[in-house]
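Student: The structure's right below; bear with me while I get my questions together.
The values are calculated or read from the model by the stated rules, or taken from the named source; none is laboratory data. Small disclaimer: the values here were computed from a predicted structure and weren't measured. Glycine gets a Cβ as well: all are built from the backbone with ideal geometry, and neighbour counts include every protein chain shown. Accessible surface is based on the protein model in full, side chains and every heavy atom, while ligands, DNA and RNA are left aside. Shrake-Rupley method; radii C 1.70, N 1.55, O 1.52, S 1.80 Å.
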Amino acid sequence: MSANSRLTLAAHALAWIGLYQRQGHEVATSEGIAASANTNPVVIRRLLGELRKAGLVESRRGAGAGWSLARELGSITLLDVYEAVEPGPLFAMHRTTPDQECVVGHGIQPAMRDIYQGIEETLRHELAGVTLEKVLSDVLAAPRQAP
């Protein structure tokens, strides 16, 4: 089972756009962001589309096309980003109903649902406390590794 990287990729894109705009550029291209993230621009465009629906970025078409932040990095939390790109619960139940005649099958979903709810509340609380301004600050402070 592989971990989902959508939140990390979305935070990467937003931090990149924020830094790019601070350097005096009006809009960022999906190609530039994709090069930084080492992924396909189509992946970035899809992700940015979700961030646009959530009101975190804006897009410009035509001459000078690209992406810009809709809000300052300091007013965007990781929870905002998470909710934009990760709809639905963090954990899922069985795809089919377990055997209700089995003691474990009968009780597993209520037990796990309570556990998952607590984990999700903790996750949301932690993500709400971190802004993209903090993420960018940490990015810029990270020591560079020699190739």
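Here's the yes/no breakdown for (1) more than 25 Å from VAL81 (Cβ to Cβ); (2) exposed (fewer than 12 other Cβ atoms within 10 Å of the Cβ); (3) touching a Pro at 6+ places or on another chain (Cβ under 6 Å); (4) without any contact (Cβ under 8 Å) to a residue 12 or more places away in the chain:
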{"site": "MET112", "(1), (2), (3), (4)": "yes, no, no, no"}
{"site": "GLY118", "(1), (2), (3), (4)": "no, yes, no, yes"}
{"site": "THR122", "(1), (2), (3), (4)": "no, yes, no, yes"}
{"site": "ALA128", "(1), (2), (3), (4)": "no, no, no, no"}
{"site": "GLU133", "(1), (2), (3), (4)": "no, no, no, no"}
{"site": "LEU136", "(1), (2), (3), (4)": "no, no, no, no"}
{"site": "VAL139", "(1), (2), (3), (4)": "no, no, no, no"}
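Student: For residues that are closer than 20 Å to THR122 by Cα and touching a His at 6+ places or on another chain (Cβ under 9 Å), tally how many sit in region 35-91. Even if it seems obvious, please write down each step before you answer.
Tutor: Filtering region 35-91 down to residues closer than 20 Å to THR122 by Cα leaves 76-91.
Pick out the ones that are also touching a His at 6+ places or on another chain (Cβ under 9 Å) and you get 79.
Number satisfying all stated conditions: 1.
Student: Working only within region 21-51, note down all residues that are open to solvent by 40 Å² or more (accessible area, probe 1.4 Å) and touching a Ser or Thr at 6+ places or on another chain (Cβ under 6 Å).
Tutor: Just the residues of region 21-51 that are open to solvent by 40 Å² or more (accessible area, probe 1.4 Å), to begin with: 21-26, 29, 31, 35-36, 38-40, 42-43, 45-46, 50.
Across region 21-51, the qualifying residue is only ARG45.
A quick yes/no check of all residues on (1) at pLDDT 95 or above; (2) touching a helix residue (DSSP H, G or I) at 6+ places or on another chain (Cβ under 6 Å); (3) of a type in the set (Ser, Thr, Tyr):
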| position | (1), (2), (3) |
| --- | --- |
| PHE91 | no, yes, no |
| GLY105 | no, no, no |
| GLN117 | no, no, no |
| HIS125 | yes, no, no |
| LYS134 | yes, no, no |
| ARG144 | no, no, no |
| PRO147 | no, no, no |
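Student: Does region 1-20 hold any residues that are over 20 Å from ALA54 (Cα atoms) and either open to solvent by less than 20 Å² (accessible area, probe 1.4 Å) or part of a helix (DSSP H, G or I) (or both), and which are they?
Tutor: Those that are over 20 Å from ALA54 (Cα atoms) and either open to solvent by less than 20 Å² (accessible area, probe 1.4 Å) or part of a helix (DSSP H, G or I) (or both): LEU19, TYR20.
Student: Here are some conditions: (1) assigned to a loop (DSSP other than H, G, I, E, B); (2) among the charged types (D, E, K, R); (3) surrounded by 14 or more Cβ atoms within 10 Å (Cβ to Cβ). ARG95 meets all but one. Which one does it not meet?
Tutor: Among (1) assigned to a loop (DSSP other than H, G, I, E, B); (2) among the charged types (D, E, K, R); (3) surrounded by 14 or more Cβ atoms within 10 Å (Cβ to Cβ), ARG95 violates only (3).
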